[in-house]
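First up is the structure itself, then whatever we jot down about it.
The values are calculated or read from the model by the stated rules, or taken from the named source; none is laboratory data. This is a predicted model, so every value here is computed, not measured. Neighbour counts are summed over all protein chains in view; Cβ atoms, including those assigned to glycine, are modelled from backbone coordinates with ideal geometry. When the accessible area is computed, the model is the full protein with side chains, heavy atoms only, and any ligands, DNA or RNA have been set aside. Shrake-Rupley method; radii C 1.70, N 1.55, O 1.52, S 1.80 Å.
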Amino acid sequence: MSVRRTLKQALAALTSPGWSRAHTDPEQLHQVLAEQTAAANREATDHATEAAAWNTDELHVQPGVLEVRRDVLADVHYLGGLLIGARHRGLDPMLIERLAAAVDTGHELTVLLADAARTTITAPAAGR
């Protein structure tokens with residue numbers, strides 16, 4: 001496990017109730033999911049405002065896109081490990097199907113982000 005993942009998990013355990021433990025009660029799990037969504041939504045405005053402030057040209061967008069892609073890649077690889085473990089242990093086929101879909105979607109997202117990063121390299125405009 002990467003140091004970054006370990007630090008993220010430690011921080012999440014401190015700030016998000018129930019993040020680092022399993023839940024057997026559907027209501028508790030629903031509450032954790034709702035809390036995660038609410039926390040992300042609370043931070044969304046600040047994140048969007050900060051990101052928009054730096055979008056003065058294509059090259060200013062590039063570092064943010066690369067950072068997000070790096071984080072998504074790390075998360076997709078971690079999900080891939082969860083998927084491998086679930087398959088090896090013969091866990092619920094629905095869990096395996098959902099994890100596989102998440103991994104596939106994550107890989108698609110990394111391709112889209114790489115494409116977005118590539119579009120930030122543009123020919124200099126006349127007069128620049």
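Annotations
- Here the calculated FRET efficiency for Met94 and Leu29, from their Cβ-Cβ distance with R0 = 22 Å, stands at 0.90, rounded to the nearest 0.05.
- Radius of gyration over Kirkwood radius for the range 23-124, both on Cα atoms: the Rg/Rh ratio is 1.09.
- Ranked from largest, the principal axis spans of the Cα set of the range 25-70 equal 48, 21, 8 Å.
- Summed residue charge, Cβ within 15 Å of Gln28's Cβ, Lys/Arg positive, Asp/Glu negative: -2
- Summarising the label geometry, the points placed 7 Å from Cα in the beta-carbon direction at Glu50 and Leu66 lie 1.9 nm from one another.
- Neighbourhood charge, 12 Å Cβ-Cβ cut-off, centred on Thr105 and excluding it, Lys, Arg +1 and Asp, Glu -1: -2
- For the range 16-128, accessible area per residue (1.4 Å probe, heavy atoms of protein chains only), Å²: 74
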